[in-house]
Structure formats: C-alpha cells, structure tokens
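**Student:** To start, I am sharing the structure in question, which I have written as structure tokens.
Any read-out appearing in this document is the output of simple, stated calculations on the displayed coordinates, not a laboratory observation. Nothing here was measured: the structure is a model prediction, and the numbers come from that model. Counting neighbours? That spans all protein chains shown, and the Cβs are built from the backbone with ideal geometry, glycine included.
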Amino acid sequence: MMLTLSSKEMELVRSTLDREPNEAEWKVVDALWSEHCSYKSSKTFLRSLPTTGQGVIMSVEDWQDAGAVDVGDGWALVLKVESHNHPSAVDPYNGAATGVGGILRDIISKGARPIALLDMIRVGGLDAKGKWLLKNIIAGIASYGNSVGVPVVGGELSFDPTYTDNPLVDVACVGVVKASEIVPSVVRTPGLKLVLVGFTGLDGIGGASFASRKLSGMDEIGAVQIADPFAGKILIDATLEVRGKVEAMKDLGGGGLAVAVTEMANGLGARVQLERVPLRVKGMSPEEIIISETQERMLFAVKSENVQEVCRAFEDYNYPCEVIGEIVSEPRITFTYEGKVVVDLPSQLLLSPPLFVWPMNRKVRTEEVKEVSVREALSTILLHPDLGNKEWAYSQFDYEVGVSTLVKPGQADSAVIELPNGRQIAVKGDANQDLCEVDAYECGKAIVAEAFRNLASVGARGIAAVDHLQFGDPRKPEVYQDFVDSIRGISEAAKFFSVPIVGGKVSFHNEDKNGNPIKPTPLIVMAGLVEGKYLKPRVEEGWLVLLGITRNELRGTLFSRLFGGRGEVARARLMEDLLASELIIKAINESKLTWNKDINKGGLAGSLLPILASGHAVHINTKAVIGTRDLLSILFSESGGRFLVLTDDPHWFHIQASRKGIVASTIGKVTKGKASLFLDDVELPLEREVERYLNMLEEELS
Amino acid sequence: MRTAVLKFPGTTCEEDVVKALRLVKAEAEVVKFNSFDPDRYQGVVIPGGFSFGDYLRAGTIAANSEAMKGVREMADQGKLVLGICNGFQILVESGILKGALLPNLKLRFITKWTYVRVSRKDTPFTRGIKDVLLMPIAHAEGRYYLEDEEEARELAVFQYSNPSGLVVEEVNPNGSVQNVAGIANQAGNVIGLMPHPERASFSKLTPDGSTDGLEILRVFGK
C-alpha cells in the first residue's frame, strides 16, 4: 500500500514521537493525515465559510459531520454531501453505491432518519466509456437507494470531456430528527464502551489515501469498497432503534477504525482490542483490521449498562455487534492484538496534521472562437445531452417510496418533500464547470445564487446549504487559486442570502491521465422551506414573461463550451437573484403563474425545451428582451437573476417587478401546437430537436 | 379490521402502507417477521421492499420463512392477504399465488405511473370499484409469467391499460404476459400486484389528484 505522507510530514511524526513509528502506526498516521480526512490543504480557507446563523442547530465540527437546521415544531433537518469520484472511476457500480451508503450513514450517525437523496453526476460524454460509467453509476445508486427505501428525488447530469478519466459522482442526503434527539459524534467523558457493529473485511484497504492522490492507472480495485445495501438497510433500521441509548455515534468511512476511533475520542484516548473485531474473512492482519474501509459498519460509544440493549437490536437481525474497547482519559490511541501493542500514538499528534497554504497563481486562459449561425447554435445547444430529458436516469430510482415526494424528479428544477411536521422542503444541487473554468470567484457566487433560484421556482426559500469542492492537485498554483477563489465566492453569496453552509466536503486530485486538472467543480446542495404554497409546474397556453436583465454574457456558458467565449463572463449580481426569487415565491402564493424556470444552462433557449416538449409552440419577440440586442446573447446568455414565467396575467409581473426594482418584460407567448420556435415571426421547426431531447438518454443507454 | 403489515429485514414500504391503511380506518400495525402471530389478525399486507436483500431471487428467502407459513394459514382460512410489489413476489415464490415474476424486459428498475384495468370484480378487494385505476410501479422484477396464458387472463385482477381501460401492448411497462399487473387466487381472498396502492392514496402525491389506491385498501377498513 502506498503512503501519501510527504517526507516533511514523516520527519514531523518522527520528531514528535522521538522514535520511528512501526508500519501499522505509519498507516494510521497516513489515514488520519490524508487530505480526505484532515482537510490539511483546505481547512484554512474553509473556516471563512459562514457556518452559523438563524436556525442553525448544529454546524460542522472539524468539517467532518452533517449539519442541522431548525425546520419548526422541534424538528431539525440534517444535510450532507459527499463524492465518490475515484472509486467510481475504477468500479462505477460499487463506487457509486458505496457513495450512497456512506452519505446515508453520515445522516443516521446524527440519529436522523434519511428522507431523500440527490445525485449529481458528471462524465466525459456519451462515448463507450461514458456510457459504461453512467449506466453503472446510475445502477449502483439505484441499487443502494432503492434497497434501503430512501427516495432519490433529484440531481444533475452533465457531460463534459474534462471528466473523461475522472468522473464526478456526488451524492447528498437529507434527514430529519427531533432537535433534542440529535446524537453527537464525539465523546466528552472517559469510561464509555466502544461498540462496533458490522463485519470487517478486506475491501477498501487504504481508501482514504486512495482518495487523496491522483488515480495511478495501476490495479487499485482493492481500495474500492463493496456495497451491501441489505446490510445497510439493517444498519439504518437498527441504529435508529437504539439512537436514544448511545452517547455518541460515528460511521466508519475513510480511514476505517483508525479514523473513527481517534475522531470519536476527540482528544481523549481509546484502547481497542482488535481480536474482538468481527471479521468477514479469516486471517486479516491487525493493520488491515485498523484501516479496512468495509461499509455498513458503525461505531457507538455506549454506557456499560446499555451495551446489552444496544446489541440486542442488531442481534435481532443476526447483525454482529461487539464491544471492542473503551474510551480512556489518557490521551493516547492504542490498538492491541491478543495482548500485543500494535499501535500506540498520542491523540494530539493524530488530530493535528500540519495545515498547508499552497502557492497560488492566476490561470492564463485562451479561448478559440468558432463562427456559428444562430440556427446551428440553436440546434447544437438543444441537442446537448446536458439539457436532455433525464427520465432514463430517474426512472431507475424508487422516488415515490416514503409517500412524501410532492414534486418529483423531472417535474421542476427542485424536488419538494413533505416533512413529518407537515411542512415542505425543497432541495437542489448545482454546479457550473463552464463558469468556474473562466472565473472561479464569480462561479462560487453564481452556484449559490442558482440553487437559491431553483428553490424559489417551486416556492421555497433557502435555509441551509452544504458544499462540495472538487478540484485538481492543490499543489498546482493555478488549481489552488481557483479553489480559494471559489470559496470566497460561495462565502459571500451564502452570507448575502443568509443561507449558512452547515457542512461540506473537499475532493482534490481530480485529474485526467495526463495530469491535467478537471475544470473546477464546486457544488452546492441547498435546502429551503416552502413559504406558503409550493408549485407543481405545468405548461399551459399563456404569456411568456422574462424576469431580469439579459446581458452579453456568453463566456463561461454551455455556448462557450461548444463555440468559444464571446462577450463577457456572467457575473453574479446577487441582488437581482434575491429580488427575482422573492417575486417568484409571491407569484406562486398568489397563483399568478402555472410554470416557471430559472434561466441557466443553455440560456433562454435551453429553458424553452420543457415547453416545446409538452406539445406547445413558443413565440418570442426579441425586441422585448431587456438588456441586449445581440441575438446570440438573447438566446444563450447565462446571465443570472432571471426567470422565465408562464402566466395569464403578465401585467401583474410588470407592476410587481417595478415595485421591487427589477425588470419584467412580456417577451412572447406559448400556444398549443407542434414544437416550433417563432423568433420574431420566423418559424424555426424544432421537432427533431425535441424528439431527441425526450429520447436521447434512453436511445443511447438502453 | 385488525391488519398486520409484515416487515421482513429489507422491507421498505411498511410505514407507507400503515399510513394509507389508517386513512381507511383499518386497525393496522407493523409486525416484525419473527413475531408474527396469524391468529391475531383478520388481514395481512406484505409490503414492498427488498426482503432479505432479494438475495438469490426477489422474495425467495422471505417466501421460505416461518412468517409465510402463517400467511398461508390465513389464506387457507379465507382471511384477506394482499402482497404489494415485493409482497407479490413473495406470494408467488411461496406458491400461494400462481406464476412467476421475472426481470423486466428492459433489465432495469422502472418507476412509472401506470393505468390498470380492473379485470376481476369478484374479489373482496375489487368489488364495486372503478374500472381503471392510476397507480405507480417501482420494480426491477415485475414481468408476470405463467405458461398458460389463458389461465393468466383468468387470474388477472389488474392489467396494464391505457387511460380508458384498453389493454394494449404499448403500455406494458415490463413485458408481463397479458399485461398482468396483479392476480388473485381462485377464491379471490389473496391478491398480489406490482403497482403500489399506498402511493396512490394521497391526492397531493398523484399526478391528477386521484386516490385510486384507497379503493383497493378500503376493504381493510371494514
């Protein structure tokens, strides 16, 4: 197994200990100090994210855990996002499935019941490799989510050559728990018994380090964990049964027992007897037991008198449950095997990896501009799989289970779910690699704004978010600068919208096989509470009103990915996003619209697809679009702060917009009929594009 | 009616079914597979999910459990037995209902709202109900198979149809013979179906505000 520690870090370990650690100890330090577990290259800047605010019940502690916000009547919403990029590149089915298993355990380890999952997936394209990846990623997510009865209610799917060698598989989960019943992940007192549930096997050896370096191209299948969703379901059911009887809970993720025990002890000490760990296979070495990342395991800190009761719930399902050690006051982490000391390290050393601030440098960007006609651009954009109908993917998910999915996948830009207290939340995940590639700072702001608009489009106001920051190698100055810039953008927007970032994750070392970083891909998952009514959008005949200003902002867009950059970079003017979102929520509550969509990928043209695909024609008067006369910008600009609205009362929007200090313009109408766009009365037939939009993924992937 | 909603390890829909059954005033409760006493109940529902992970084959491990002996007793006594999705698979695997449920023709999991025609109204579940119901399916192994197609048609209680109740091949979501979505035993007291009535029981969750699932579940409220 490769270690990822640098020679400097190794020197620091030796000098702190004043001795040479043994092999097992090196592996423990390597796991704890891995980028994946320690956030050593990111923590300095992550601390600048606004993590507190009104309604925050629990924010990130050391950037490890899920955060929680108040959703009324004593209930808390728990939110977390994570990726499984490297495992999914090697074994997409198990990589994606274990990603789901891991995020579910993050939620249940707070004592919360998972109620919805989201998946955000990025692959290189619809070539043979992309298809293989995508089919298996979706099947893996479906297999796990469906088996445990948690609905996958939404997500994103994007195709960009930047992800050819390094796909991104992000999963997010929301759960609910009574705020008074949240279970901490760290202990405060010695004497508690450490109880491990689940078998430990040989899969996922060294996974935390695997995630913390670039893919080697060598045989790395041993570092991938294997999913067992049935065991996962038992773990969820039994853990929620016993949550009131445990003092702390932690799931076993990256770094296995080494990390879970050390982090749970949180500066206190722990003594673990490795021979007590229930094994799936015979003959595992003590070191393997310590760092194995076998899924479907949990670690509990339990008072002695409650151990029997906790284990009974698991034994009911024939699920292994063993006391493997205890929390002690002496601040050392000690693993023994049949009486022999295997690892004996100070807690403080393990919890204090050196933090890094790497050099930064601005990336030089050159873009080739391709000449293109409006007609050709329109066809190419409307046929792009990023905009295609995603039914092929979401129909593989059991999104109705739980009888609480009110607005379902494919119906709107956000899903709406009913909570146990009768209120509704909307959730959505957003990233934008095109914009981040040209301006990571504006992009950081823009993805927060987009998520906020997506929630507003169904009637919800954002209350909390988690972020996932996916970049190349942080030691490369251009990568690190983008990383820092994107955090600054996210922070500013989160502060502006009063949407605290209650948790998150960082994934570095996402590179292609030549060592080129992926386009920066920070991602935001936001949850919002419905204010009054929610909207199930439906396309009907009516007037098309465009809220907001369309600017000549074609750089950092889907258009520029295909035809090169023209005009300017789309800057996030957050006030426009906020005011337009508030107006949409008001309109939903006063039943002034039947359908709306925030304008993003593919610009105005892209947002017409769901209308055209529902048996309607669209008429647009380009002179009525406020902000530009350039036809390419009118159709494809991705300026923020805009919504397209279908209404029978356009006048109401004009008045309300003007009162709020934003603009609304009636730019056309929607009529029943075949899929055509009438652009200033010139008919552009789009039946072929719409046919392809509806069936592209089904045809390519069935 | 005192109704047990059976939970095997891996069952996922038990709470949803209880929630729907309470709407029709059934005395419903979740009962774990290892503490099920058939004599205490007049009716039993086997809900959907992935019992025992659907290892070996969907429903087959649960079908061989002690709990299913109890279900068979209830079936033989003429009590009401309803299997939904995985519950249907378990009833078929245990031989209480005829036929088999094979992998969907597309070889993948499919969630979809489907119309079914009610083809038999001589069962306690379907007496006097509407001709066409709207309910969602969500399964990977729901292709009903019985060698004798004529018999399949006779047993069929629900057949995938278009919105006006015509049983046509275009709307067959999984390749079932005769578009079979659900069948009953000869007596009609045991029914299994792939669509989920509990998910079609709340108007805010259905595409058109209907609550057709309650039509089937209502019998447990009597």
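**Student:** Can you compute the FRET efficiency between residue B:204 and residue A:688 using 1/(1 + (r/R0)^6), with r the Cβ-Cβ distance and R0 = 51 Å? Round to the nearest 0.05.
**Tutor:** According to the calculation, E is roughly 0.85.
**Student:** Separate question: Once R0 is set to 56 Å, what does the formula 1/(1 + (r/R0)^6) return for the Cβ-Cβ distance between residue A:622 and residue B:66, expressed as a FRET efficiency to the nearest 0.05? Let's see the in-between values first.
**Tutor:** On the way: r = 72 Å, r/R0 = 1.28.
Working from the Cβ atoms, E equals 0.20.
**Student:** Among DSSP bridges having both ends in the protein assembly as shown, what percentage is antiparallel? Round to the nearest 5.
**Tutor:** If I count the DSSP bridges inside the protein assembly as shown, around 75 percent turn out antiparallel.
**Student:** Related question: Which of B:128, B:175, B:78 moves the most in a Gaussian network model of chain B with Cα springs under 10 Å?
**Tutor:** B:128
**Student:** Just how large is the dipole of chain A about the Cα centre, in debye to the nearest 20, putting +1 at every Lys and Arg Cβ and -1 at every Asp and Glu Cβ?
**Tutor:** 1300
**Student:** Sort out for me the Cα centre separation of region B:1-54 from region A:416-494, rounded to whole Å.
**Tutor:** 41
**Student:** Something else about it: Report, as an integer, the average count of C-beta atoms from other chains found within 10 Å of each Cβ along A:228-234.
**Tutor:** Mean inter-chain Cβ contacts per residue within 10 Å come to 4.
**Student:** Roughly how crowded by other chains is peptide A:398-410, in terms of the mean Cβ count from those chains within 10 Å of each of its Cβ atoms? Write out the running numbers ahead of the final one.
**Tutor:** Details: counts 15, 3, 14, 11, 6, 15, 5, 2, 3, 0, 5, 1, 0.
Mean inter-chain Cβ contacts per residue within 10 Å come to 6.
**Student:** So what's the gap between the Cα centers of region B:144-190 and region A:311-327, to the nearest angstrom?
**Tutor:** Using only Cα atoms, the two centres lie 46 Å from each other.
**Student:** If you take each beta carbon of peptide B:108-115 and count the beta carbons of other chains within 10 angstrom, what is the mean?
**Tutor:** 5
**Student:** Modelled label-to-label distance, residue A:536 and residue A:475, 7 Å Cα→beta-carbon offset: nm?
**Tutor:** Spacing of the two 7 Å Cα→Cβ label points: 5.5 nm.
**Student:** Roughly how many nanometres apart are two label points built 7 Å out from the Cα toward the Cβ at residue A:202 and residue A:305?
**Tutor:** Distance between the two pseudo-spin positions: 4.5 nm.
**Student:** While we're on this one: On a C-alpha basis, how far is the centre of region A:529-568 from the centre of region A:96-147 in Å? Whole number, if you could?
**Tutor:** 28
**Student:** In nm, give the distance between the simple-model label positions of residue A:352 and residue A:315, each being 7 Å from the Cα along the Cα-to-Cβ direction.
**Tutor:** 4.3
**Student:** Considering the alpha-carbon set of chain B alone, what are its Rg and its Dmax in angstrom?
**Tutor:** 15.5, 44
**Student:** Same structure again: Mind ranking A:419-426, A:501-508 by how tightly packed they are, going by the mean number of other C-beta atoms within 10 angstrom, highest first?
**Tutor:** Averaged packing, sorted descending, gives the order A:501-508, A:419-426.
**Student:** Right, next: Of all DSSP beta bridges in region B:2-221, what percent run antiparallel (nearest 5)?
**Tutor:** For region B:2-221, the DSSP antiparallel bridge percentage is about 55.
**Student:** Let me make sure I get this right: for region A:312-425, a, b and c are the square roots of the gyration tensor eigenvalues over alpha carbons, sorted descending. Under 1.5 in a/c it's rounded, otherwise prolate if a/b > b/c, else oblate. Which is it?
**Tutor:** Values: a/c = 3.29, a/b = 1.51, b/c = 2.17.
In terms of gyration-tensor shape, oblate.
**Student:** Related question: Return the loop-located trypsin sites (Lys or Arg not before Pro) in region A:256-362 (DSSP other than H, G, I, E, B) with at most 11 other Cβ atoms within 10 Å of their own Cβ; answer none if there are none.
**Tutor:** For trypsin sites (Lys or Arg not before Pro) across region A:256-362 that sit outside H, G, I, E and B with at most 11 neighbouring Cβ atoms in 10 Å, the list reads A:282, A:362.
**Student:** In addition: Kyte-Doolittle mean at least 0.0 and Cα extent at least 18 Å along the axis: which DSSP H helices of chain A qualify? Display every interim value, and only then the final one.
**Tutor:** On the way: long enough: A:92-108 (24 Å, 0.49); A:128-148 (30 Å, 0.33); A:229-242 (20 Å, 0.97); A:440-456 (24 Å, 0.36); A:477-497 (30 Å, -0.07); A:574-589 (23 Å, 0.97); A:687-701 (22 Å, -1.15).
Passing helices, by number: A:92-108, A:128-148, A:229-242, A:440-456, A:574-589.
**Student:** In addition: Once you keep just the Cα pairs under 8 angstrom separated by 6 or more residues, what percentage relative contact order results for region A:493-622?
**Tutor:** Relative CO of region A:493-622 lands at 22 percent.
**Student:** Moving to a separate point now. GNM on chain B, C-alpha springs below 10 Å: top fluctuator among B:83, B:165, B:142?
**Tutor:** Comparing B:83, B:165, B:142 in a Gaussian network model of chain B, the most mobile one is B:165.
**Student:** Under a 5 Å amide H to amide H cut-off, with H placed in plane at 1.01 Å, what residues pair with residue A:542 once short-range neighbours are removed?
**Tutor:** Those qualifying (amide H under 5 Å, at least 5 residues apart or on another chain) are A:670.
**Student:** Percent relative contact order of region A:1-134, based on C-alpha pairs within less than 8 angstrom and at least six residues apart?
**Tutor:** 12
**Student:** May I pose another question? What residue among A:635, A:682, A:693 has its Cα farthest toward the positive end of the dipole of region A:537-702, where the charges are +1 on Lys, Arg and -1 on Asp, Glu, each on the Cβ?
**Tutor:** A:635
**Student:** Shape of region A:537-702 from its Cα gyration tensor (a ≥ b ≥ c, root eigenvalues): rounded if a/c is under 1.5, otherwise prolate when a/b > b/c, or oblate?
**Tutor:** The shape class here is oblate.
**Student:** Between residue A:275 and residue A:698, what length in nm is gained on full extension when 0.36 nm per residue of separation is reduced by their alpha carbon distance? Mind dumping the intermediate values first?
**Tutor:** On the way: separation 423, 0.36 × 423 = 152.28 nm, distance 5.05 nm.
Between residue A:275 and residue A:698, full extension yields an extra 147.2 nm.
**Student:** Given a Förster distance of 60 Å, report the FRET efficiency between residue A:369 and residue A:423 from their Cβ-Cβ distance, rounded to the nearest 0.05.
**Tutor:** 0.75
**Student:** Shifting gears a bit: Roughly how big is region A:537-702's charge dipole about its Cα centre, with Cβ charges of +1 (Lys, Arg) and -1 (Asp, Glu), in debye to the nearest 20?
**Tutor:** Its charge dipole is roughly 520 debye.
**Student:** Of A:451, A:422, A:441, which is farthest along the charge dipole of region A:417-461 in the positive direction, counting Lys and Arg as +1 and Asp and Glu as -1 at C-beta?
**Tutor:** Going by the Cα projections, it comes out as A:422.
**Student:** Then there's this: Relative contact order (percent) for region B:2-221, with alpha-carbon contacts under 8 angstrom and 6 or more residues of separation? Display every interim value, and only then the final one.
**Tutor:** Values: 534 pairs, mean separation 46.0, N = 220.
Reported relative contact order: 21 percent.
**Student:** Still on this structure, please answer the following. Helix by helix, which DSSP H runs in chain B go 15 Å or more along their axis at the Cα atoms and have an average Kyte-Doolittle hydropathy of 1.0 or more? Walk me through the intermediate numbers first.
**Tutor:** Values: long enough: B:66-76 (16 Å, -0.70).
Counting only whole DSSP H runs, no helix qualifies.
**Student:** Hey, another quick one. Restricting to DSSP loop positions (anything but H, G, I, E, B) with no more than 14 other Cβ atoms inside 10 Å of their own Cβ, which trypsin sites (Lys or Arg not before Pro) remain in region B:1-81?
**Tutor:** Within region B:1-81, the qualifying trypsin sites (Lys or Arg not before Pro) (loop, at most 14 other Cβ atoms within 10 Å) are B:25.
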